[in-house]
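Colleague: Sending over a structure as structure tokens; questions will come in a sec.
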Amino acid sequence: MKRRFAVASLSLAVVLGLGTLPAVAADSAPAAVQSPDIDVTKVKAHLTELNSIAGRNGGTRRSTGQGYRDSVAYVKGKLQAAGYTVTEQPCTSGCTSGAGPNLIAEWPHGDAGNVSMFGAHLDSVSAGPGMNDNGSGSAALLENALTLAQQNPTMKGRVRFAWWTDEEQGLNGSDFYVRSLSSAQRSAITAYYNFDMVASTNGGYFINHVTSAAAAPMKAYWDSLGLQPEENTEGAGRSDDYSFEQYGIPTSGYAMGAGARKTSAQAAKWGGTAGASYDPCYHRSCDNLDNINTTGLNRASDGIAYTIWQRAVDTGGGDGGGCDTDPVVNGGFESGTSPWSGDTGTIGAHSGQAAHSGTRFSWLAGYGSTHTESVGQTVTVPTGCTRLTYWLHIDTDESGSTAYDTFRVKADGTTLATLSNADARSGYVQRTVDLGAYAGRQVALSFTGSEDGSLQTSFVLDDVSLREG
């Protein structure tokens with residue numbers, strides 16, 4: 001995990017006292033999904049190899065060193081032998097000079113337009129071998145990838161794994177990867193899952209965006225173990241999921257904590273030592289094989305498998321909803337105005353603006369005077385089909401970062417997203433809203449553009465859709 005000094009909860013003091021985690025019932029997946037039990041001894045075997053690689057290379061696997069390149073070679077060899085399509089992606093901009101490549105592996109089965117992506121950074125800091133940070137996430141992903149290949153189930157979606165370079169220097173490898181994708185390639189990624197420090201010795205059980213639709217299978221697995229996971233507030237914006245968030249791709253993931261301190265309430269719930277760091281060897285030379293919480297590593301590894309099976313494997317029982325038919329009707333506005341309601345005069349092939357695709361769109365506001373326009377329709381949100389996407393072009397005569405004119409997305413009158421003239425770009429940008437809270441319900445969606453008294457801002461909307469997420 002990248003250190004971010006501005007995070008108030010990050011403790012820079014190293015506290016060495018460790019507690020004992022409480023005994024719990026044997027780990028098992030929720031009965032409804034037949035996901036595999038990942039063998040934690042095999043996960044730890046990968047860690048042993050990564051630790052040996054660091055030992056042969058000055059005690060580190062920093063992105064610019066041979067220890068990192070040897071780590072890439074080890075993971076790549078395992079994946080190629082298992083039948084993955086494996087790519088080394090050099091980071092040609094934004095990375096530290098001399099940084100090694102990203103490693104991308106795709107299981108070549110399932111719908112290529114429905115990609116669930118799972119990633120972990122493979123580099124360590126210079127100070128140590130990085131067994132928890134982040135050999136733990138890297139090894140857990142590798143064994144999950146090998147297990148998927150070995151079991152070779154029928155796939156309904158595509159699974160893509162990634163091991164990132166140069167995370168510790170600023171999330172640089174993952175940022176380069178997402179920037180290198182086309183809009184269509186980004187749109188195909190229905191969710192990205194990140195695993196950074198999943199074996200902290202005094203750790204807790206944290207999930208990124210724990211209440212989101214993307215997090216639902218991850219939370220369901222840990223809930224089945226009675227772990228009562230919490231939001232990963234310490235890790236927000238500090239690991240590779242943030243690179244995907246910046247482009248509107250839904251994200252989640254597991255973590256067990258870094259340098260912040262465990263609270264008394266967390267120690268009561270999970271065991272361990274209150275007031276001590278989740279990982280007392282965070283970014284230190286002692287982040288070696290002795291700095292691994294095997295119980296936590298096992299639970300994270302099995303939860304990853306459960307999530308893969310939930311999202312991408314055809315278990316023969318259906319997916320409880322999905323997006324076989326888009327619930328948004330006429331989302332591209334090409335079939336007139338029905339069933340859109342509101343200011344339907346905004347819909348058309350207007351001169352002065354262009355469609356994202358086809359010829360028609362909804363042009364909201366853009367008058368340069370006080371004005372509000374809205375379009376909407378009522379949809380039923382299926383379970384498993386909760387990612388609302390839309391393409392929006394904002395152009396404006398306003399300047400600066402003050403929000404004078406606004407665009408809002410609402411569900412049943414509740415604002416879920418707000419953009420403004422300050423978000424103006426030269427072309428269309430795909431945006432995403434999570435409708436997981438409305439799964440299984442009928443909901444009134446609306447898109448509203450509002451201007452103040454002077455200087456125009458146009459909000460041009462096109463290609464509204466509900467997708468799996």
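The values are calculated or read from the model by the stated rules, or taken from the named source; none is laboratory data. Note that the structure is a prediction, hence the values are computed from the model and not measured. Counting neighbours? That spans all protein chains shown, and the Cβs are built from the backbone with ideal geometry, glycine included.
Colleague: In this structure, does Thr273 turn out to be in contact with a helix residue (DSSP H, G or I) (Cβ under 9 Å, 6 or more places away or on another chain), in contact (Cβ under 8 Å) with a residue 60 or more places away in the chain and among the polar types (S, T, N, Q)? Walk me through how you get there before you give the answer.
Modeller: Numbers: in contact with a helix residue (DSSP H, G or I) (Cβ under 9 Å, 6 or more places away or on another chain): yes; in contact (Cβ under 8 Å) with a residue 60 or more places away in the chain: yes; among the polar types (S, T, N, Q): yes.
Yes, satisfied.
Colleague: List every residue pair whose Cβ atoms lie under 8 Å apart, where the two residues are 6 or more positions apart in sequence or sit on different chains, the first residue falls within segment 213-236 and is under 18 Å from Arg387 (Cβ atoms), and the second residue, located anywhere, is of a type in the set (Asp, Glu).
Modeller: Cβ pairs passing all conditions: Ala213/Asp434; Ala214/Asp434.
Colleague: Ok, one more. Might you let me know whether segment 454-465 holds any residue that is more than 20 Å from Ala355 (Cβ to Cβ), surrounded by 18 or more Cβ atoms within 10 Å (Cβ to Cβ), touching a residue at least 24 places away in the same chain (Cβ under 8 Å) and assigned by TED's automatic domain parsing to the domain that holds Thr386? Working first, answer last.
Modeller: Here is the first cut: in segment 454-465, the ones more than 20 Å from Ala355 (Cβ to Cβ) are 454-455.
Okay, now just the ones that are also surrounded by 18 or more Cβ atoms within 10 Å (Cβ to Cβ), so none.
No, every residue in segment 454-465 fails to be more than 20 Å from Ala355 (Cβ to Cβ), surrounded by 18 or more Cβ atoms within 10 Å (Cβ to Cβ), touching a residue at least 24 places away in the same chain (Cβ under 8 Å) and assigned by TED's automatic domain parsing to the domain that holds Thr386.
Colleague: Which one is farthest from the chain's Cα centre (by Cα) among residues in segment 434-469 that are closer than 20 Å to Thr414 by Cα and in a loop (DSSP other than H, G, I, E, B)? Can you show your working first?
Modeller: Step one: filter segment 434-469 for residues closer than 20 Å to Thr414 by Cα, giving 434-451, 459, 461, 464-466.
Within this subset, residues satisfying the condition of being in a loop (DSSP other than H, G, I, E, B) are 435, 439-440.
Working: Leu435: 16, Ala439: 20, Gly440: 23 Å.
Ranking the candidates gives Gly440 first.
Colleague: Another question, if that's okay. Which of the following residues is surrounded by fewer than 17 Cβ atoms within 10 Å (Cβ to Cβ) and of a type in the set (S, T, N, Q): Thr389, Thr414, Thr406, Thr432? Before the answer, list the steps.
Modeller: Numbers: Thr389 fails: surrounded by fewer than 17 Cβ atoms within 10 Å (Cβ to Cβ); Thr406 fails: surrounded by fewer than 17 Cβ atoms within 10 Å (Cβ to Cβ); Thr432 fails: surrounded by fewer than 17 Cβ atoms within 10 Å (Cβ to Cβ).
Thr414 is the lone residue from the list that is surrounded by fewer than 17 Cβ atoms within 10 Å (Cβ to Cβ) and of a type in the set (S, T, N, Q).
Colleague: Just to check your reading of the model, which residue among Tyr242, Tyr193, Tyr177 is more than 20 Å from Glu88 (Cβ to Cβ) and either aliphatic (A, V, I, L, M) or assigned to a helix (DSSP H, G or I) (or both)? Even if it seems obvious, please write down each step before you answer.
Modeller: Numbers: Tyr193 fails: either aliphatic (A, V, I, L, M) or assigned to a helix (DSSP H, G or I) (or both); Tyr177 fails: more than 20 Å from Glu88 (Cβ to Cβ).
The unique qualifying residue is Tyr242.
Colleague: Can you go through Ala184, Ala191, Ala220, Ala213 and tell me which one is farther than 19 Å from Trp309 by Cβ and hydrophobic (A, V, I, L, M, F, W, C)?
Modeller: Values: Ala191 fails: farther than 19 Å from Trp309 by Cβ; Ala220 fails: farther than 19 Å from Trp309 by Cβ; Ala213 fails: farther than 19 Å from Trp309 by Cβ.
One residue alone meets the criteria, Ala184.
Colleague: For segment 60-140, give me every one of the strands (runs of 3 or more DSSP E) that falls completely inside it and has 1 or more residues that are assigned by TED's automatic domain parsing to the domain that holds Asp290 and buried (at least 22 other Cβ atoms within 10 Å of the Cβ). Spell out how you get there, then give the answer.
Modeller: Details: elements: 85-89, 102-107, 111-121.
Counting at least 1 such residues, we get 102-107, 111-121.
Colleague: If you don't mind, another one. Given the condition small (Gly, Ala, Ser) and over 17 Å from Gly331 (Cα atoms), answer yes or no: does some residue in segment 370-382 qualify? Talk me through it step by step, then tell me what you get.
Modeller: Going residue by residue through segment 370-382, those that are small (Gly, Ala, Ser) are 374, 376.
Right, trim to over 17 Å from Gly331 (Cα atoms) and you get none.
No, segment 370-382 contains no residue that is small (Gly, Ala, Ser) and over 17 Å from Gly331 (Cα atoms).
Colleague: In addition: Looking at the structure I just gave you, is Gly321 assigned to a loop (DSSP other than H, G, I, E, B), under 30 Å from Leu392 (Cβ atoms) and modelled with pLDDT of 90 or more? Before the answer, list the steps.
Modeller: On the way: assigned to a loop (DSSP other than H, G, I, E, B): yes; under 30 Å from Leu392 (Cβ atoms): yes; modelled with pLDDT of 90 or more: no.
Answer is no for this residue.
Colleague: Using the structure shown, decide if Arg56 is surrounded by fewer than 20 Cβ atoms within 10 Å (Cβ to Cβ), in contact with a Pro (Cβ under 9 Å, 6 or more places away or on another chain) and either at pLDDT 95 or above or under 18 Å from Trp163 (Cα atoms) (or both).
Modeller: Values: surrounded by fewer than 20 Cβ atoms within 10 Å (Cβ to Cβ): yes; in contact with a Pro (Cβ under 9 Å, 6 or more places away or on another chain): no; either at pLDDT 95 or above or under 18 Å from Trp163 (Cα atoms) (or both): yes.
The answer is no for Arg56.
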